[in-house]
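Below is one structure, written out as structure tokens, with a few remarks after it.
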Amino acid sequence: MPAIVASLRMELRPYDVDNARDGDGQVTRESVEQWLATHAGDFQQVIDFRASIEDGDRTVDIPFATDDGEMAWLDTLPEDE
């Protein structure tokens, strides 16, 4: 099957957030990227991502790493969104 670009929205449970922390207990782009590599389904690769993660009493917002990554995600959305 040929490789295609697809997108996925995920809601993380508190258990998932705990497992997405780095060695210092922080939620970072790198730690979330590592978690996604093993928990985001059967994708060939994760090209880019954006996240807004509730971590206790704070929200960790991680923007797309590149404009191209955001555009690739937007291209996967239905036209009526």
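Each value in this text was obtained by applying a stated rule to the coordinates, not by laboratory testing. The structure displayed is predicted, hence computed values, not measured ones. Every residue, glycine as well, gets a Cβ built from its backbone with ideal geometry; the counts of neighbours run over all protein chains shown.
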Note, Gly69: beta-carbon cut-off 13 Å, +1 each Lys/Arg, -1 each Asp/Glu, net -4
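Quick one: Cα convex hull volume of the chain, Å³ per residue?
Cα convex hull per residue, to the nearest whole number: 113 Å³.
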Sticking with the crude label model, points 7 Å out along Cα→Cβ, report the distance from Leu74 to Met1 in nm, one decimal please. 2.8
